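See structure below.
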Amino acid sequence: MTSAITLNHYLVVSGLLFALGILGVIVRRNALVIFMALEMNLNAANLALIAFSKFNQKLDGQVFVFFIIAIAAAEVAVGLAIIVALFRRKQTVSVSELTSLRL
């Protein structure tokens, strides 16, 4: 018995990844883990775009994902630089201890 992977399979996996990312943002208090959970949300959206692109036989979604990944790379560089600067100043990356916007 062979079962073909349908669009629904991809969307379920994408939805689960997105839900795990949202849960990680809500539950965790470590800035680095929150940052990784946000990246998981971005990758879940990318998976959905790729799936729609594949099943509609158009390359528009794949081109869009290419630009999203390029922007995400810049976002990671800036985000990690901010987290490192916070750690150097406060000696912690716990969000609950970082209550002030002033460094």
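The values are calculated or read from the model by the stated rules, or taken from the named source; none is laboratory data. All of these numbers come straight from a predicted model, not from anything done at the bench. Neighbour counts are summed over all protein chains in view; Cβ atoms, including those assigned to glycine, are modelled from backbone coordinates with ideal geometry. Just the protein is used for accessible areas: all its heavy atoms, side chains included, with ligands, DNA and RNA removed. Shrake-Rupley method; radii C 1.70, N 1.55, O 1.52, S 1.80 Å.
With a probe of 1.4 Å, find how much accessible area region 1-74 has per residue, and write the answer as a whole number in Å².
Details: 5220 Å² over 74 residues.
Counting only protein heavy atoms, the per-residue value for region 1-74 is 70 Å².
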message: Given the options Phe87, Phe67, Val25, identify the residue whose Cα lies farthest towards the positive end of the charge dipole of region 10-93 (+1 on Cβ of Lys, Arg; -1 on Cβ of Asp, Glu).
response: Phe87
- request: Using label points projected 7 Å from each Cα along Cα→Cβ, tell me how many nm separate Thr99 and Val78, to one decimal.
  value: 2.9
query: What FRET efficiency do you get for Ala19 and Ile50 if R0 is 25 Å and r is their Cβ-Cβ distance, rounded to the nearest 0.05?
result: 0.85
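Can you pull the Rg over Rh of the chain, Cα-only, Kirkwood?
We get a ratio of 1.12 for the chain.
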query: Looking at region 62-103, which trypsin sites (Lys or Arg not before Pro) are DSSP coil and have at most 14 other C-beta atoms within 10 Å of their C-beta?
result: Arg102
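Please list Leu32, Leu23 in order of solvent-accessible area, largest first, computed with a 1.4 Å probe with all protein chains present.
If we order Leu32, Leu23 from most to least accessible, we get Leu23, Leu32.
Based on the Cβ-Cβ distance from Leu7 to Lys90, what FRET efficiency comes out when R0 is 35 Å, to the nearest 0.05?
Approximately 0.15, to the nearest 0.05.
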Region 10-93 - percent relative contact order, Cα under 8 Å, separation 6 or more: 28
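Charges only on Cβ, +1 for Lys and Arg, -1 for Asp and Glu: so what's the dipole of the chain about the Cα centre, in debye to the nearest 20?
Values: 8 positive and 4 negative charges, 71 e Å.
Taking the Cα centre of the chain as origin, the dipole is about 340 debye.
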